[in-house]
Amino acid sequence: MTTTREPAALAEPAERVGRGWTSALSLANGAIWVGWYGPLQILLASQAKDFAPGSGMSKETMLAWVTGVGAVVSLAANPVFGALSDRTTSRRGRRTPWIVAGTAGGALSLLLLAGAGGMATMMLGWCLVQLTLNAAFAAVTAAVPDRVPRSQRGSVGGWLGAAQILGVVGGTGLATAAGGVGAGYTACAVFTALGVLPYVLRYPDLRLAPADRPPWSRRGFLAGFWLSPRRHPDLGWAWLTRFLINLSNALVLLYLLYYLRDRLHHADPEQGVLILTAVNGLTLMATVVVGGVWSDRVGRRKPFVIWSGMLMAAATALLAGWQTWPGAIVAAALLGVGFGVFTSVDFALMTDVLPTALDRGKDLGVINVANALPQVAAPALAAPVVTYLGGYRVLYLLAAVIGLAGAGLVGRIRGVD
């Protein structure tokens, strides 16, 4: 009697990964976030302020259009590139080719943004950044369920989350310290390109044999992007939880520079954004790895996600009720504590509810839409609220209610403790 051996690329991982692998993948992840958040925190807002006069729109509206259209590109790019990496049979593996191509393309797109002369080239450059860096991010994310056993995913997710916030802080710092918009984009581009090299050069990827790749069908490929909540209810509730909490966070971050300048009248709003980002990053770093390791040890995910979401909602409400510079610092610190735990444990929870090994990249790409869709929804919600419906106080109260709803829905997930 013969048995069919499952391909290594599709098997459930059993061997624990080492610190070197985790560190290299985390650095690659952080480099991608540098490429995203240097522009999102500082550079795009600065360009919108420069390009808005004479354009017939406010700087807030221009920024909303650019980030919103870019987020639409991200919505499609992440699951599509995840699905393509699932089917890749390169000698370098399924994920590595997309990490290399995506970060190289992202660096070139950031350089295009550096030379933008108006809204049109600004929007084109940002859309290309979203397209290319999402290709790399989809592959980096899929490497975790490919290689990491379930009992280690909380801690690995914690280190990836730590790298993510360091990428946010690093991107903001590079954009601020470089001394100009063009120099800021160049610094982010160089770091993004170099940051993935330790992983792609030192750690071979798992290869998928051509015989193990499913037959190509355009109809089947497109249909695979619909993950029915009825067939996979846990995945559906987990997706909705991530979407709502990320939407709440996106509403807080989108107009932070303008909030400091126009509402708090901070003397140096760009420096203020950097300080708040650093405070948020420090408290996040204090909890992101600890939360993931703790959830691995107790074998539970949901309580961590629920309580972290509630803390984030409370901190967001604080921004609405205590509109001062000290209030902003306290809120940033509490948001970091909550988002640190949420980042690591929610990532582990997501990998625990994936339906099949063959479609890990595609399914995680669909899940990652819950990260990108808030970038589309946040400008659509925030711009009219700030302009016509009560300003920043109402905006942050709305964000708190949305985050609280996301935390409450975690209880609907039945397949994990």
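What to note about this one:
- Here the 3J(HN,Hα) profile of the stretch 63-75, calculated from phi with Karplus coefficients 6.51, -1.76 and 1.60 at θ = phi - 60°, is 4, 5, 5, 5, 5, x, 5, x, 5, 4, 4, 4, 4 Hz, Gly and Pro shown as x.
- Span from the the stretch 308-346 Cα centroid across to the the stretch 231-284 one, whole angstrom: 9
- In summary, the aspartates and glutamates within cross-link reach of residue 302, defined as a Cα separation below 19 angstrom excluding same-chain residues under 8 places away, comprise 234, 346, 352, 417.
- Amide hydrogen proximity for residue 116: with H placed 1.01 Å from N in the peptide plane, no residue at 5 or more positions away or on another chain lies under 5 Å.
- In Hz, Karplus ³J(HN,Hα) per residue of the stretch 157-174 (6.51, -1.76, 1.60; θ = phi - 60°; x = Gly, Pro): x, x, 5, 5, x, 4, 5, 4, 6, 5, x, 5, 5, x, x, 5, x, 4
- Whole-number D in µm² s⁻¹ for the stretch 296-398, Kirkwood Cα-pair radius fed into Stokes-Einstein, 37 °C, 0.692 mPa s: 209
- Applying the Karplus relation 6.51 cos²θ - 1.76 cosθ + 1.60 with θ = phi - 60° to the stretch 135-152 yields 3J(HN,Hα) values of 4, 5, 5, 4, 6, 4, 5, 5, 4, 5, x, 5, 10, 9, x, 4, 6, 10 Hz, where x marks Gly and Pro.
- The lysines within cross-link reach of residue 59, meaning a Cα-to-Cα straight distance under 19 Å and a gap of 8 or more places when in the same chain, are 49.
- Sites excluded, chymotrypsin sites (Phe, Trp or Tyr not before Pro) in DSSP loops with at most 10 other C-beta within 10 Å, longest stretch of the chain: 1-215
- Whole-angstrom gap from the stretch 135-203 to the stretch 61-110, using each part's C-alpha centre: 14
- Environment charge at residue 393 (Cβ cut-off 14 Å; Lys +1, Arg +1, Asp -1, Glu -1): 0
Read-outs throughout are calculated quantities, based only on the coordinates presented, and are distinct from any laboratory measurement. Source: prediction; values computed, not measured. Here the Cβ is made from the backbone with ideal geometry for all residues, glycine too, and neighbour counts use every protein chain on show.
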